[in-house]
1. Would a scan of the range 98-119 turn up a residue that is within 18 Å of R31 (Cα to Cα), of a type outside the set (V, I, T) and within 16 Å of the ligand (Cβ to nearest atom)?
2. Cβ-Cβ under 6 Å, sequence separation 6+ or interchain: first residue in the range 22-34 and without any contact (Cβ under 8 Å) to a residue 40 or more places away in the chain and more than 6 Å from the ligand (Cβ to nearest atom), partner open to solvent by less than 50 Å² (accessible area, probe 1.4 Å) and among the β-branched types (V, I, T). Which pairs?
3. Just to be sure I understand, how many residues within the range 161-183 are assigned to a loop (DSSP other than H, G, I, E, B) and not small (G, A, S)?
4. Within the set of pairs 6+ apart or on separate chains, which have a first residue in the range 140-165 that is more than 24 Å from K108 (Cα to Cα), a second that is open to solvent by 10 Å² or more (accessible area, probe 1.4 Å) and assigned to a strand (DSSP E or B), and C-beta atoms under 8 Å apart?
5. For the range 20-76, list the strands (runs of 3 or more DSSP E) that sit wholly inside it and hold at least 1 residues that are open to solvent by less than 60 Å² (accessible area, probe 1.4 Å), under 29 Å from L243 (Cβ atoms) and modelled with pLDDT of 95 or more; which are they?
6. From the list N79, N121, which residue is over 22 Å from D178 (Cβ atoms) and open to solvent by less than 20 Å² (accessible area, probe 1.4 Å)?
7. From I104, I51, I41, which residue is farther than 14 Å from N152 by Cα, in contact with a Gly (Cβ under 7 Å, 6 or more places away or on another chain) and among the β-branched types (V, I, T)?
8. Being open to solvent by 10 Å² or more (accessible area, probe 1.4 Å), at negative phi and not acidic (D, E) is the filter here; which residues of the range 132-149 pass it?
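The values are calculated or read from the model by the stated rules, or taken from the named source; none is laboratory data. This one's a predicted model, so the numbers in the text were calculated from it and none came from an experiment. Cβ placement follows ideal geometry from the backbone for every residue including glycine, while neighbour counts extend to all protein chains displayed. Remember, those area values only see protein heavy atoms, side chains included, never the ligands or the DNA or RNA. Shrake-Rupley method; radii C 1.70, N 1.55, O 1.52, S 1.80 Å.
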Amino acid sequence: MTDESLNKSTITCDVCPHHCQIPAGGYGRCRARLNDGEKIICANYGKLTSIALDPIEKKPLACFHPGSKVLSVGSYGCNLSCPFCQNYEIAAAKESDFHRLYEISPEKLCALAVQEKPSGNIGVAYTYNEALVGYEYVRDCAMLVHAAGMKNVLVTNGTAEMHVLEEILPYIDAMNIDLKGFSDDIYKKLGGDFETVRNFIKRSAKDCHVELTTLIVPGLNDSPEDMKKEAEWIAGIDPAIPLHITRYFPRYKMNERATDIAVMESLKTAAEENLKRVFLGNV
Ligand code: SF4
């Protein structure tokens with residue numbers, strides 16, 4: 001194959017700011033999107049690694065149908081590279097890492113969600129890995145779940161282009177969006193883009209219930225000054241947006257000790273200067 005024909009078969013993915021240039025037969029950085037030779041396809045569509053009926057508080061969502069349950073599903077793949085990933089077994093994995101995946105069509109998932117109504121289920125949560133690297137599955141399921149009169153919950157790192165968000169937002173009722181820290185520098189370390197995430201949060205908060213999560217990692221984002229800046233910025237959108245400040249534990253590539261409880265409490269105090277609803281998680 002000549003250089004010219006190689007270049008012709010390379011396609012750019014426009015789902016997230018990485019804009020991966022993917023050669024024919026290759027996968028993007030998230031390991032979930034594939035150049036099939038003609039177009040980029042969502043290779044993890046309907047291929048689930050996890051399915052569970054979780055309390056809504058576990059997403060975490062503290063102020064959206066408290067006490068209810070939500071049928072939670074995840075696939076594989078993610079577009080960030082956090083060394084402390086708490087779900088790395090699926091987020092940092094590719095399809096061939098799994099012996100078995102649950103093949104569940106949108107119709108089947110919606111039927112399962114309806115079937116679990118008597119157990120307190122309010123709908124479907126797209127979670128565990130980064131759901132938006134497979135946004136087509138989220139969109140197709142969410143349309144059916146809404147048509148069945150149930151709710152859709154999205155748990156995301158907010159690292160997606162605006163056209164992806166606009167396509168799914170009409171069907172999403174609540175989101176928990178990770179805000180990994182409050183600087184360009186932190187996002188660069190994790191392979192993300194700070195501005196993309198801020199724009200994602202601002203746009204989402206206009207049209208659906210939004211809660212935010214910041215996982216506090218020692219030495220990365222544990223300064224009260226940064227937390228004050230973060231809380232001021234969130235309050236500029238809406239001071240009633242709930243913020244979950246969660247505790248890191250050693251995982252994946254990071255062995256640093258778990259975050260001190262005293263640090264967690266001081267960050268909560270700093271955030272509460274500007275925000276009305278701040279919750280500590282994993283303490
Ligand atoms: S969604 Fe995946 S393939 Fe597409 S640009 Fe982002 S990391 Fe690359």
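1. First pass over the range 98-119, keeping only residues within 18 Å of R31 (Cα to Cα): 98-103.
Still in the running and of a type outside the set (V, I, T): 98-103.
Cutting the leftovers down to within 16 Å of the ligand (Cβ to nearest atom) gives us none.
Looking through the range 98-119, none of the residues is within 18 Å of R31 (Cα to Cα), of a type outside the set (V, I, T) and within 16 Å of the ligand (Cβ to nearest atom).
2. These pairs meet every condition: I22/I11; P23/T10.
3. First pass over the range 161-183, keeping only residues assigned to a loop (DSSP other than H, G, I, E, B): 161, 172-173, 179-183.
Those still in the list that are not small (G, A, S) too: 161, 172-173, 179-180, 182.
Qualifying residue count, the range 161-183: 6.
4. So the pair list comes out as N157/D178; G158/D178.
5. Details: elements: 33-35, 40-42, 50-55, 69-74.
Of the strands (runs of 3 or more DSSP E) lying wholly inside the range 20-76, those with at least 1 residues that are open to solvent by less than 60 Å² (accessible area, probe 1.4 Å), under 29 Å from L243 (Cβ atoms) and modelled with pLDDT of 95 or more span 50-55, 69-74.
6. Working: N79 fails: over 22 Å from D178 (Cβ atoms).
On inspection, the qualifying residue turns out to be N121.
7. Numbers: I51 fails: in contact with a Gly (Cβ under 7 Å, 6 or more places away or on another chain); I41 fails: in contact with a Gly (Cβ under 7 Å, 6 or more places away or on another chain).
Just a single option satisfies the conditions, and that option is I104.
8. Start the filter on the range 132-149 by keeping residues that are open to solvent by 10 Å² or more (accessible area, probe 1.4 Å), which leaves 135-137, 139-140, 143-144, 146-149.
Now restrict to residues that are at negative phi: 135-137, 139-140, 143-144, 146-148.
Those that are open to solvent by 10 Å² or more (accessible area, probe 1.4 Å), at negative phi and not acidic (D, E): Y135, Y137, R139, M143, L144, H146, A147, A148.
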